[in-house]
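Structure first, then comments.
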Amino acid sequence: MSTHLAHAATNRPSYTTTFHAPVTPEQALAAAADPRAWWVAMIEGSAEGVGDRFVVDVPGLHHAELVVTSAEPGRHLAWAVQRSGADHEIEDWVGTVITFDIAATDDGSEVTLTHHGLHPGLECHEVCSTAWDHHLDVGLRALLIDGVAAPITPESVDAVADRVGATRG
């Protein structure tokens, strides 16, 4: 499922993965823009339109504040990770950009997520890449294909952390 492409700003590989889903590009992007439904249930805010802000907070594990920097219905969505100063903020994420690019296919859509700036030189690269693989497989991809996703919930934090190799602090 995963491949790695060069990030222009650093000339280093950024995390990227592509998968197929039997839904329209509009449906795929609408699902991506609802990370509470597929990534982390404990998200506050909105991730749909340019200027929207949201906070991902997994107590003791991960905190990130993001802003939507671009959105094209059925085609593209970008979230920039902002500095928050919160406990459990992953410093390696600050200043990175997460994009969803959607392309129509004969039988649905091709969904590509790229975490620009998440490259092998970063301390969190292995765990973060493994976590993205997990969240996309049981989250966004599962939501688009089966209609049922498994986002992180307060009850599942420990099991997901164990599965992706993350340490709660």
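Structural descriptor for region 19-108: relative contact order 27 percent, calculated from alpha carbon pairs under 8 angstrom and at least 6 residues apart. Remark on I152: its backbone amide H falls under 5 Å from those of V40, A41, a criterion applied only to residues 5 or more positions apart or on other chains, H modelled at 1.01 Å from N.
Among 62-74, 32-44, sorting by the average number of other beta carbon atoms lying within 10 angstrom of each residue, highest first, gives 32-44, 62-74. Between region 102-157 and region 32-54, the alpha-carbon centres lie 14 Å apart. Taking every DSSP bridge with both residues inside the chain, close to 95 percent are antiparallel. The simple spin-label model puts a point 7 Å past each Cα toward its Cβ; for S70 and D158 those points are separated by 4.3 nm. Derived scalar couplings between HN and Hα for region 151-166 equal x, 5, 10, x, 6, 9, 3, 4, 5, 5, 4, 4, 5, 9, x, 8 Hz in order, rounded to whole Hz, by the Karplus curve 6.51 cos²θ - 1.76 cosθ + 1.60 (θ = phi - 60°), x for Gly and Pro. Return the single residue from D92, D57, D146 with maximal mean-square fluctuation; model: Gaussian network over the chain, springs between Cα atoms under 10 Å. Comparing D92, D57, D146 in a Gaussian network model of the chain, the most mobile one is D146. GNM on the chain, alpha-carbon springs under 10 angstrom: the most fluctuating residue among F19, F54, F100 is F19. Residues in region 91-104 carry Karplus couplings, in order, of 3, 4, 7, 4, x, 8, 10, 9, 10, 10, 10, 10, 10, 6 Hz; the curve used is 6.51 cos²θ - 1.76 cosθ + 1.60 with θ = phi - 60°, and Gly or Pro positions show x. For the pair D133 and H88, the difference between a 0.36 nm per residue extended length and the Cα-Cα distance amounts to 14.1 nm. Over the chain, DSSP H runs of length four or greater, each weighted -39,500 (n - 2.57), average out per residue to a 222 nm ellipticity of -5500 deg cm²/dmol.
For Y15, the residues whose modelled amide H falls within less than 5 Å of its own, excluding neighbours fewer than 5 places apart on the same chain, are H115, G117, L118. Relative to its residue count, the chain spans a Cα convex hull of 104 Å³ per residue.
Rule-based calculations on the coordinates, nothing more; no lab input. Values in this document were obtained by computation on a predicted structure and should not be read as measured data. Counting neighbours? That spans all protein chains shown, and the Cβs are built from the backbone with ideal geometry, glycine included.
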